[in-house]
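Since every read-out is calculated from the coordinates, none of them should be taken as a lab result. Predicted model, so just to flag it, every value in this text is computed and none were measured. Cβ placement follows ideal geometry from the backbone for every residue including glycine, while neighbour counts extend to all protein chains displayed.
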Amino acid sequence: MKLGSIEAGGTKFVCAIGNEKGEIFESEVFPTCSPEITMESVVSFFKNKGIEALGIGSFGPISLNPKSEDYGSITTTPKILWQNYNILKKLKENFDIPVGFDTDVNVAALGEYTWGGAKGLNSCFYMTVGTGIGAGIIAEGNMIHGLLHPEAGHIIVPKHPDDTFEGVCPFHKNCLEGLASGPAIEKRWGKKGNELPSDHVAWDIEAYYIAVAMVQTILMVSPERIILGGGVMKQSQLFQKIRNKTAKLLNGYIKVPAVTLNMDEYIIPPVLGDNAGICGGLALAARELKKQEGKSVSVKI
Ligand code: ADP
Ligand code: ZN
């Protein structure tokens, strides 16, 4: 089965052809310019390749309600040229096949759930800590949408007692993204994260904020696994600090082995590495195909 996958990001679009086993046969990267230019390249990449379905993980916010008129659009993005652009419609016009559409992070979560760090489980939480912070949630085998879709990067977190930084989020200043994203680290310390030594105090503060998010997540969503990706999480020393701090903040309240004994296997980096999103797109395409064939979509492919 030949499937298409698109990881639509604010700086680049990754397009790939693969199959229902998550194998990738070919891929190409296009810069995110205007929708007209970028989507032209995307459409010609997939033309005449014989794909049976397509899965898209997109930057957002996006409209995911099939009943809404703007279903398939990128909505209030600060990227002006893409505001209200209907990416799903454009692809549907060009390809008469099932097309799945979801947030970049929900799709990365789906990739890890299907073939990666949450394989064999029924739920997982995937968070990326990069230019922004975003999270995708799989619960009972399905990606969570609800009202809009999760926007976990903007949860309000208590300030670290030693942190005087005001935060960079244009909406909330000191939300999680405002305090712990890559740009927040750069502004707070005057250096990019990859230029700071691994024993810098920056990473204790960073781990504290992410641990607070872990605690909120564990208490509110109860995922069976948490996967942390994105550029900032390339600082691998963060993982142990986050696990320790999360356990400390939970203070023995959640008495399940994943948290009390196996934190090393509970909060983990993406097993699919940088391919979580593009593999997730293949899984989404396969699900969309099954959905159109009238089969259950909550079962694993
Ligand atoms: P994006 O979020 O734009 O898709 P990334 O996930 O790579 O892309 O995140 C980019 C952010 O991560 C930047 O702010 C960058 O400074 C930061 N970053 C990238 N690599 C590292 C690293 N090795 N250590 C710390 N921060 C990093
Ligand atoms: Zn915010």
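A few comments on the model shown:
- Candidates 211, 247, 108, ranked by Gaussian network fluctuation over the chain, Cα under 10 Å, top entry: 247
- Each residue of the range 30-41 was assigned a 3J(HN,Hα) from its phi angle through the Karplus expression (A = 6.51, B = -1.76, C = 1.60, θ = phi - 60°), giving 10, x, 7, 9, 7, x, 4, 5, 5, 5, 4, 5 Hz with x at Gly and Pro.
- Cβ-Cβ FRET estimate between residue 12 and residue 89, R0 fixed at 25 Å, reported to 0.05: 0.70
- For the range 182-187, 3J(HN,Hα) computed residue by residue from phi via the Karplus equation (6.51, -1.76, 1.60; θ = phi - 60°) reads x, x, 5, 4, 4, 6 Hz, glycine and proline entered as x.
- Exposure proxy order (Cβ contacts within 10 Å, fewest to most) of 63, 68, 27: 68, 27, 63
- Between residue 121 and residue 49, the modelled labels are 3.0 nm apart [label points 7 Å from Cα along Cα→Cβ].
- Normalised contact order of the chain, rounded percent, pairs of Cα under 8 Å and 6 or more residues apart: 22
- Across the chain, the longest piece that holds none of the chymotrypsin sites (Phe, Trp or Tyr not before Pro) lying in DSSP loops with up to 13 other C-beta atoms within 10 Å covers 1-170.
- Over the range 5-130, the pair-distance histogram of Cα-Cα distances with 10 Å bins from zero comes to 12, 44, 35, 8, 0 percent, rounded to whole numbers.
- Helix 202-220 and the longest principal axis of the C-alpha atoms of the chain enclose an angle of approximately 70°.
- Scalar couplings 3J(HN,Hα) for the range 232-249, obtained by applying the Karplus form with A = 6.51, B = -1.76, C = 1.60 to θ = phi - 60°, are 5, 6, 5, 6, 5, 5, 5, 4, 5, 4, 5, 4, 4, 5, 4, 4, 5, 5 Hz; x denotes Gly and Pro.
- Projected label distance in nm at residue 1 and residue 172, using a 7 Å step from Cα toward the beta-carbon: 3.8
- Within the range 107-127, backbone nitrogen closer than 18 Å to the virtual label 7 Å beyond the Cα of residue 23 toward Cβ: 115-116
- The relative contact order of the range 222-301 comes to 32 percent, based on Cα pairs under 8 Å that sit 6 or more residues apart.
- Using a cutoff of 8 angstrom between alpha carbon atoms and counting only pairs six or more residues apart, the relative contact order for the range 160-291 works out to 19 percent.
- Distant-in-sequence amide contacts of residue 33, defined by a placed amide H-H separation under 5 Å and a gap of 5 or more residues or a different chain, comprise 38.
- Loop GluC sites (Glu not before Pro), the range 55-137 (other Cβ atoms within 10 Å of the site Cβ: 10 or fewer; DSSP): 69
- Greater than 21 Å apart at Cα, pairs in 79/159; 119/290; 92/291; 187/248: 79/159; 187/248
- Taking the fewest neighbouring Cβ atoms within 10 Å as the starting point, the ordered list for 220, 39 is 220, 39.
- Principal axis box of the chain, alpha-carbon based, largest edge first, Å: 56, 41, 34
- Selection of trypsin sites (Lys or Arg not before Pro), the range 53-146, meeting DSSP coil and at most 11 other Cβ within 10 Å: 67
- Footprinting exposure proxy ranking of 260, 11, 114, fewest other C-beta atoms within 10 angstrom first, gives 11, 260, 114.
- Proximal charge balance of residue 168 [Cβ under 12 Å; K/R count +1, D/E count -1]: 0
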